[in-house]
Amino acid sequence: MMKSSKIAIWTLFACVMVTGVLKAQSGNQILDGIGETGMVARYIFNGNAKDWSRNNLHGRIYGPNAKFEDDEKFDKVLSLPSDDKTFVSLPGEAVEGEESLSITTWVNFRSDQVGQTLFDFGKDYRNHFFVVPFGTKKKEGFQAQVIQNGKEKYTALSTDFKIEVNQWVHLAVVLDIPSKTMSIFINGKQVGKVDHMEMELGDLFTHENLMYIGRSITSNNPFLYAKIHDFRLYRIPLSEQQIGRILNTGEEVVKREKPEDELPQFESNQPQLYNSYLTGVSNVQGETTVGYLPRLPRFVKGTYKSGVQGPEVRVLWPSPTDNAEVKQPGIYEVIGKVAGTDFQPKAIITVKNDQTEVTPHQTLEAFSLEEVSLDFDALGKQTKFIENRDKFINTLAQTNPDSFLYMFRNAFGQPQPEGATPLGVWDSQETKLRGHATGHYLTAITQAYASTGHDKKLQANFAKKMDYMVNTLYELSQLSGHPKQADGPYVSNPTEVPPGVGREGYDSDLSESGIRTDYWNWGEGFISAYPPDQFIMLEGGAKYGTQKTQIWAPYYTLHKILAGLMDIYEVTGNQKALDIAKGMGNWVHARLSQLPTDTLIGMWNTYIAGEFGGMNEAMARLYRITNEHRYLEVAQLFDNIKVFFGDAEHSQGLAKNVDTFRGLHANQHIPQIMGALEIYRDSEIPEYFLVADNFWYKAKNDYMYSIGGVAGARNPTNAECFIRQPATLYENGFSAGGQNETCATYNMLKLTRNLFMFDQRAELMDYYERGLYNHILASVAEDSPANTYHVPLRPGSIKRFGNADMTGFTCCNGTALESSTKLQNSIYFESYDHKALYVNLFVPSTLQWKERNITVEQKTVFPKENHTQLIIKGKGKFDLNVRVPHWATKGFSVKINGEEEKVSAQPGSYLTLSRNWKNGDTIDIQMPFPFHLDPVMDQQNIASLFYGPILLVAQEPEARNDWRKVTLDAGDLGKTIQGNSEKLEFTIDGVVFKPFYETYGRHSVYLDVTLK
Ligand SMILES: [Zn+2]
């Protein structure tokens, strides 16, 4: 196929749109380079008080005399009169649980009278925070004040700069809690600042707050005579540059080279941690095939002085953006770097002309959830696994399915059953992602059903929910493309769906009054919580946003729904569930199969709008279930050609080991990679396997934080993105808005276990263990199933949990439903031929290996002890493969029936115990935990402390903006650490360290470590 010039346009799909040609449209918050996860709400005030962000925090205007006026600069703006009745109120939950707060707005004051209130936010009249643009009677000048316990606590005052009246000014206030500062800005220039503020936002805000624009909380007196435009709330402390960019919205968006929000800096030529004892680094040799970049080892052997037994040395290799250097056979050299040193290890690569690609077949399969149960630990105590599972399952049992069906019925114009209430957040009436939580819900209730064999009453509850959900969705899907009444009009062909009745074109209006419900025109098989327009608009180039002409990831939502339906089919055999999935699969096939490849490439590379979750995975799975080839065709229509193969000729891309995902949105792309692996499973086309395998190796080695998360870029400035360049986590990562979007780790774990089914490399399950214990288990609140979006790892951070009652879901709240209802799904795997069993994780549990009529019990207190015991019930010959973790460097010993086995167990491998097993055979495994450090690859002194598999984090008394300094013994880290390994509680210099999954207050996951 010819490479068309159109493709070049789609190379702009990085997280931040950064070319000079793009103009940031008013209302298009993506283009301001700050990243929308930093945004809480945005009110343009061009005709209403709607929140233009995706968070649905709509405001309300009070008073008879507010009006929207035409304006030369901003077209239409809100005008507040000089009366004492008119003001704007914002939802009180907007600022709940935030770490920091920034507020920006355009204002045109009509009067400079003292006492006017621009805004006033707080939990009551004794604790609040406000801006008085012309001062108070006591104190003149533009100022922001924090009132605590009824007293003026902090005031940021501008004495030199005065605000002019009758002209537009841009005002900003930044409450930066970690830095303990409050700053005020006029027209992008800082004009006042308070230092050494000792407060938390929790001192001012709770779950219900008073949030006024143009009204004072204390006097309850509305008084602001001004025009107002584009009022924004951010949860991050904005920098002066960022405020400048917001101020210049409408101007060209300028490409930025450097992250502007700096972390503490260190000398780049200062060797840190083990590198300061380094005396030499080995060179390496390797081979590759023409066209394929070699996979260079990230760690190589080093030699150390002063008797220090250092680890393998992290080498930073260049990461080319194409495969030019391997286009010809021959030998070439790659020069690497070692952070903080002058060492330049070499890799000598031989490029061979051999074209055969050998990729593995799938040889393993997982056990179903009902075959593995989570048990109490060997001391009879509840584990973190059971605790988290039960929080979710018990709350799920109380949910009302009608809430999850609400927007589906709404889309099809059907009445709601009595008592039905809609979900909030991303499933509310006007949110274009509505229905996404329903997909996760279908999967979660299925998994809960499969995991509650021990409690028949609970299981019946979930069975009822599944049936009800499927029956309702089935009825709705049968309406699509069929006449409302006999002889009525209808359109059954999905490619001929017309615009809504009486409309010129397609739109994404989902408002009560604006939503189209003419399901008879939607084509056969259509199912969604909104009409088909968003799918059709994407084909026409629609972008992401909250306006009627914009969309939000229609195929992402669809993927969740189809995956949930297939889960139900596979666990219960519910044919209707499969029929819905097939009907919609046909609808998608009909539409996508007629589109030119260029259009598809464009769609799948459109930021967020073209995010399709794992549609390729779902369609490949539907093919496997039905054996209908059309579904495999659809799966491949979702190929992200640019990322997977570089271009339409497949000349490079991930399949050739080129890193094509740097700077991209993490969770948009990880499920696509999983889809590539699913297509490989069905088609055995090798390049799909290479896409998945190369991606995983790079993501894990070049993008991963110590908890297992891979997203969180500071550059590009979007916490949901991969860093701009691989292996530069310190330089470009640690975004201020948080890192480690939890759903991205959910997807990484899914990809990891699926890869392991093909290739039994221990490093895969080592990663799985890391992400499971240190991110997924750590992402749930202490006393409810509330859970995290980002998990911030800057110094003194705190986790924020949401959705305790399961009534309003973000993406991460959705995947959390799934994660915590399948915690047992990767402890054991078996080979296809049932001749081998894999023990991947050391979790108290029981496996019913039905194929072999064998039960395996795992009894342990792991990780609160370093021993586990497997008891075989039943008999037979099989290979028992036990993971020897990468961290098990202090030995790994095995006793069978009390007798020591002679084994040579290498850390980071699987140990095979081959035997004709007898009933009652007992295997005891001992694996002493070492303390070890996990440094950031490009800044080695910034490191996380692990004890065996468990991340230990410093418990911080308050917010901070510098890394906690720790000095440890270079020869034996444990010498400097006191504590109790049975409780996993330790101290270093009096500071308490606990597992991250038991940390709910402020924490430091990364430390500034010196070795002595
Ligand atoms: Zn998410």
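The values are calculated or read from the model by the stated rules, or taken from the named source; none is laboratory data. Here the structure is a predicted model, which is why all the values come from computation and not from measurement. Cβ coordinates were reconstructed from backbone atoms using ideal geometry, including for glycine residues, and neighbour counts include every protein chain displayed. Note: accessible area is taken over every heavy atom of the protein model, side chains too, but ligands, DNA and RNA are not part of it. Shrake-Rupley method; radii C 1.70, N 1.55, O 1.52, S 1.80 Å.
When residues in the stretch 699-738 are screened for being modelled with pLDDT under 90 and of a type in the set (Val, Ile, Thr), 1 of them pass. Against the test of being of a type outside the set (Lys, Arg) and under 23 Å from the mean Cα position of the chain (by Cα), the options Gly435, Gly419, Gly453, Gly380 yield a single qualifying residue, Gly435.
Restricting the search to strands (runs of 3 or more DSSP E) fully inside the stretch 133-195 and requiring at least 3 residues that are open to solvent by less than 30 Å² (accessible area, probe 1.4 Å) gives 143-148, 168-176, 181-186, 189-194.
Scanning the stretch 942-985 for residues that are in contact with a strand residue (DSSP E or B) (Cβ under 9 Å, 6 or more places away or on another chain) and acidic (Asp, Glu), which turns out nearest to Tyr705 (Cα to Cα)? That would be Asp962. Within the stretch 520-549, take every residue that is of a type in the set (S, T, N, Q) and more than 23 Å from the chain's Cα centre (by Cα) and give me the one that is modelled with the lowest pLDDT. Applying the filter and picking the extreme gives Gln547.
Scanning the stretch 683-708 for residues that are open to solvent by less than 10 Å² (accessible area, probe 1.4 Å) and outside any helix (DSSP H, G or I) yields a total of 5. Restricting attention to the stretch 407-460, the residues that are assigned to a helix (DSSP H, G or I) and under 12 Å from Gly564 (Cβ atoms) total 12.
Quick check on this structure: which one of Thr19, Thr104, Thr11 is buried (at least 22 other Cβ atoms within 10 Å of the Cβ) and either modelled with pLDDT of 85 or more or not in a strand (DSSP E or B) (or both)?
Within the list Thr19, Thr104, Thr11, the selection yields Thr104.
Report, by residue number, each residue of the stretch 277-288 that is hydroxyl-bearing (Ser, Thr, Tyr) and surrounded by fewer than 18 Cβ atoms within 10 Å (Cβ to Cβ). Passing the criteria: Thr279, Ser282. Scanning the stretch 63-101 for residues that are open to solvent by 20 Å² or more (accessible area, probe 1.4 Å) and under 30 Å from Arg794 (Cβ atoms) gives Pro91, Glu93, Glu96, Gly97, Glu98, Glu99. Against the list (1) more than 16 Å from the ligand (Cβ to nearest atom); (2) under 25 Å from Gly948 (Cα atoms), the condition Ser779 fails is (1).
Tell me, please, whether a residue that is more than 30 Å from Trp426 (Cα to Cα), open to solvent by 20 Å² or more (accessible area, probe 1.4 Å), among the hydrophobic types (A, V, I, L, M, F, W, C) and away from the ligand (no atom under 16 Å from the Cβ) can be found in the stretch 846-858. No; the residues of the stretch 846-858 include none that is more than 30 Å from Trp426 (Cα to Cα), open to solvent by 20 Å² or more (accessible area, probe 1.4 Å), among the hydrophobic types (A, V, I, L, M, F, W, C) and away from the ligand (no atom under 16 Å from the Cβ). Residue count for the stretch 160-216 under the criterion of being within 20 Å of Ile236 (Cβ to Cβ), aliphatic (A, V, I, L, M) and either touching an Asp or Glu at 6+ places or on another chain (Cβ under 7 Å) or free of Cβ contacts under 8 Å to residues at least 60 places away in the same chain (or both): the result is 7. From the set of residues in the stretch 710-720 that are part of a loop (DSSP other than H, G, I, E, B) and more than 27 Å from Leu823 (Cα to Cα), which is farthest from the ligand (Cβ to nearest atom)? This residue is Asn715. Taking (1) within 14 Å of the ligand (Cβ to nearest atom); (2) of a type outside the set (Asp, Glu); (3) open to solvent by less than 10 Å² (accessible area, probe 1.4 Å); (4) touching a strand residue (DSSP E or B) at 6+ places or on another chain (Cβ under 8 Å) in turn, Tyr773 satisfies each apart from (1). Just one of the listed residues (Tyr680, Tyr703, Tyr697, Tyr730) is among the aromatic types (Phe, Trp, Tyr) and within 14 Å of the chain's Cα centre (by Cα), namely Tyr703. Yes or no: the stretch 861-868 includes at least one residue that is within 16 Å of the ligand (Cβ to nearest atom), in contact with a Ser or Thr (Cβ under 8 Å, 6 or more places away or on another chain) and not hydroxyl-bearing (Ser, Thr, Tyr). No: the stretch 861-868 contains no residue that is within 16 Å of the ligand (Cβ to nearest atom), in contact with a Ser or Thr (Cβ under 8 Å, 6 or more places away or on another chain) and not hydroxyl-bearing (Ser, Thr, Tyr). Here Ala378 fits the description: modelled with pLDDT of 95 or more and part of a loop (DSSP other than H, G, I, E, B). Could you say whether any residue in the stretch 807-827 is acidic (Asp, Glu), at pLDDT 95 or above and surrounded by fewer than 23 Cβ atoms within 10 Å (Cβ to Cβ)? The answer is no; no qualifying residue exists. Taken over the stretch 49-62, residues that are closer than 9 Å to Leu78 by Cβ and surrounded by fewer than 18 Cβ atoms within 10 Å (Cβ to Cβ) amount to 0. Select, from Leu973, Leu952, Leu911, the only residue that is farther than 25 Å from Leu777 by Cβ and among the aliphatic types (A, V, I, L, M). Matching residue, one of Leu973, Leu952, Leu911: Leu911. Looking at the stretch 202-243 only, could you name the residues that are part of a helix (DSSP H, G or I) and either open to solvent by less than 20 Å² (accessible area, probe 1.4 Å) or among the small types (Gly, Ala, Ser) (or both)? Scanning the stretch 202-243 gives Gly202, Gln242, Ile243. Condition first: within 16 Å of the ligand (Cβ to nearest atom) and aliphatic (A, V, I, L, M). Now tell me which residues in the stretch 729-753 satisfy that. Across the stretch 729-753, the qualifying residues are Ala744, Met748, Leu749, Leu751.
Among the residues making up the stretch 798-825, those that are away from the ligand (no atom under 16 Å from the Cβ) and over 19 Å from Thr452 (Cβ atoms) are Ile798, Ala804, Asp805, Thr807.
Note on the stretch 902-938: residues that are farther than 11 Å from Val882 by Cβ and in contact (Cβ under 8 Å) with a residue 12 or more places away in the chain total 25. In the stretch 787-796, of all residues being within 15 Å of the ligand (Cβ to nearest atom) and open to solvent by less than 10 Å² (accessible area, probe 1.4 Å), the one that is nearest to Arg714 (Cα to Cα) corresponds to Val791.
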